[in-house]
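So the structure is just underneath, and the comments pick up after that.
The values are calculated or read from the model by the stated rules, or taken from the named source; none is laboratory data. None of these values were measured; they are calculated from a predicted model. For neighbour counting, all protein chains shown are included, and Cβ atoms are generated from backbone atoms with ideal geometry for every residue, glycine included.
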Amino acid sequence: MDMTLNDDQLMIQQMAKKFAQSELAPVADQLSGDGGREIFLANLKKLAELGFMGLNIDGQYGGTEAGTIIFSLAITEIAKACASTAVTMSVTNMVAEVIQVVACEKQKEKYLPKLCSGEYPAGCFCLTETTAGSDPSNMKTNAILDGDEWVLNGSKQFITSAEYAGVFVVWAVTDKSLSRGKGISCFLVERNAPGLSISKAEEKMGQNASATNEVVFDDCRIPKDALMGELNQGFKVAVSELAGGRIGIGSLALGVGLAAMDYARVYITEREQFGQPIANFQGLQWMMADAYTDLEAARLLLMNAADTKEKGLPFSKQASMAKLFASEKANNACYTALQMMGGYGYVKEFPLERYSRDVRITTIYEGTSEIQRVIIARELLREIS
């Protein structure tokens, strides 16, 4: 596989890098605190105007048509500066992609331009519930057809961007008589739908600018044509789209890990002990060499998964491998970088403690590392069955 980027890919990657450095990096610490929501939303709008909220969406709907490889590269560049912005960008792109793949033409024309342009600050992927995390087939949210309307009841947990999203892609049980996972359908729910409410944002360890909320449906009434795709066939849609989302989260983890190591690498050339820069000490050199080697391997796994998806080939195993390796090694890299900086790495004046908090969730959301191993093993065994 030729890993050389073409001119368009290089241009968009550099655009993402420039935006991250000029717009996101200066406010990342502020966004990590309690304030900065207006700045955060303003930056999402700017990203949309640059084409980053529809990277793999057709131009007729306002998308960039840049493809999955540049999606991965762009997420990595944005995450180097602000993981909260990167996860919002990743999920919004995922929502746009599932609409493009599954929705009817009328639904595409209605929602995709609003996501790509930034008219909707974000989109929501409403799958997880308190009893349906790693096992989404166990969801309890249900939808019943009442005349010309569907009535939704239930709740979704840990939903990224819920409090400022314009449209929610929601999964609900529509036929309880079918076996688990077989009677689930997918719906497009607008923010102002009667009966939809959003709970207070969770207080999290990291990625604080990215809102994470519970979404509650209490006799939430939506039009009959809000059904997206085929009735009772929504679960396989969720499984398919989660695989693409894993490329995004793996790329985000890579960006945070690289940011941490890049900062520590400069620091050890400036910090002196025993009359010389600590970069001269072999112990630190080996720590740095191992971390960068792991991160480069993660990058190659992500590029392989993105390339496989872009070619229209099955990519579930590749995406899970990339997400598993990238998120685990990025966590290791952040703690290695913090260790290289010693006590200063633990002080909030420096960004290492923020990187370490922001990266931790990457081994959990979009499927835990343990679930990725299950998927990888299942695919490996399927190949010989």
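In table form, for the structure just shown:
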quantity: Selection count, the range 339-370, where residues are touching a Ser or Thr at 6+ places or on another chain (Cβ under 7 Å) and surrounded by fewer than 20 Cβ atoms within 10 Å (Cβ to Cβ); calculated: 2
quantity: Members of the range 4-25 that are within 20 Å of R354 (Cα to Cα) and either loosely packed, with under 13 Cβ neighbours inside 10 Å or touching a residue at least 60 places away in the same chain (Cβ under 8 Å) (or both); calculated: K17, A20, Q21, S22, L24
quantity: Helices (runs of 4 or more DSSP H) contained entirely in the range 43-131, each with at least 1 residues that are in contact with a helix residue (DSSP H, G or I) (Cβ under 7 Å, 6 or more places away or on another chain), over 21 Å from F168 (Cα atoms) and hydroxyl-bearing (S, T, Y); calculated: 68-81
quantity: Segments classed as strands (runs of 3 or more DSSP E), wholly inside the range 157-248, with at least 2 members that are in contact (Cβ under 8 Å) with a residue 24 or more places away in the chain, in the same structural domain as T128 (by TED's automatic domain parsing) and among the aromatic types (F, W, Y); calculated: 167-173
quantity: Tally, over the range 104-140, of residues that are more than 26 Å from A209 (Cα to Cα) and at pLDDT 95 or above; calculated: 7
quantity: Qualifying residue in the range 242-250 (condition: modelled with pLDDT of 95 or more and hydrophobic (A, V, I, L, M, F, W, C)); calculated: yes
quantity: The one condition in (1) touching a residue at least 40 places away in the same chain (Cβ under 8 Å); (2) assigned to a loop (DSSP other than H, G, I, E, B) that K140 fails to fulfil; calculated: (1)
quantity: Only one of E370, E379, E353, E349 that is over 22 Å from T76 (Cβ atoms), of a type in the set (D, E) and without any contact (Cβ under 8 Å) to a residue 24 or more places away in the chain; calculated: E349
quantity: Every residue from the range 284-303 that is of a type in the set (A, V, I, L, M), buried (at least 19 other Cβ atoms within 10 Å of the Cβ) and either closer than 17 Å to Q318 by Cα or not assigned by TED's automatic domain parsing to the domain that holds N331 (or both); calculated: L295, A298, L301, L302, M303
quantity: Residue that is modelled with the lowest pLDDT, among those in the range 217-241 that are closer than 28 Å to R37 by Cβ and surrounded by 17 or more Cβ atoms within 10 Å (Cβ to Cβ); calculated: E241
quantity: Candidates Q107, Q60 - the one that is in the same structural domain as R37 (by TED's automatic domain parsing), surrounded by fewer than 24 Cβ atoms within 10 Å (Cβ to Cβ) and over 26 Å from L313 (Cβ atoms); calculated: Q107
quantity: Residues being loosely packed, with under 15 Cβ neighbours inside 10 Å and over 24 Å from the mean Cα position of the chain (by Cα) - total across the range 190-205; calculated: 2
quantity: Condition met for F19 (closer than 23 Å to E202 by Cα and among the aromatic types (F, W, Y)); calculated: no
quantity: From the options A297, A259, residue that is outside any loop (DSSP other than H, G, I, E, B), at negative phi and touching a residue at least 40 places away in the same chain (Cβ under 8 Å); calculated: A259
quantity: L313 buried (at least 21 other Cβ atoms within 10 Å of the Cβ), of a type outside the set (D, E) and free of Cβ contacts under 8 Å to residues at least 60 places away in the same chain; calculated: no
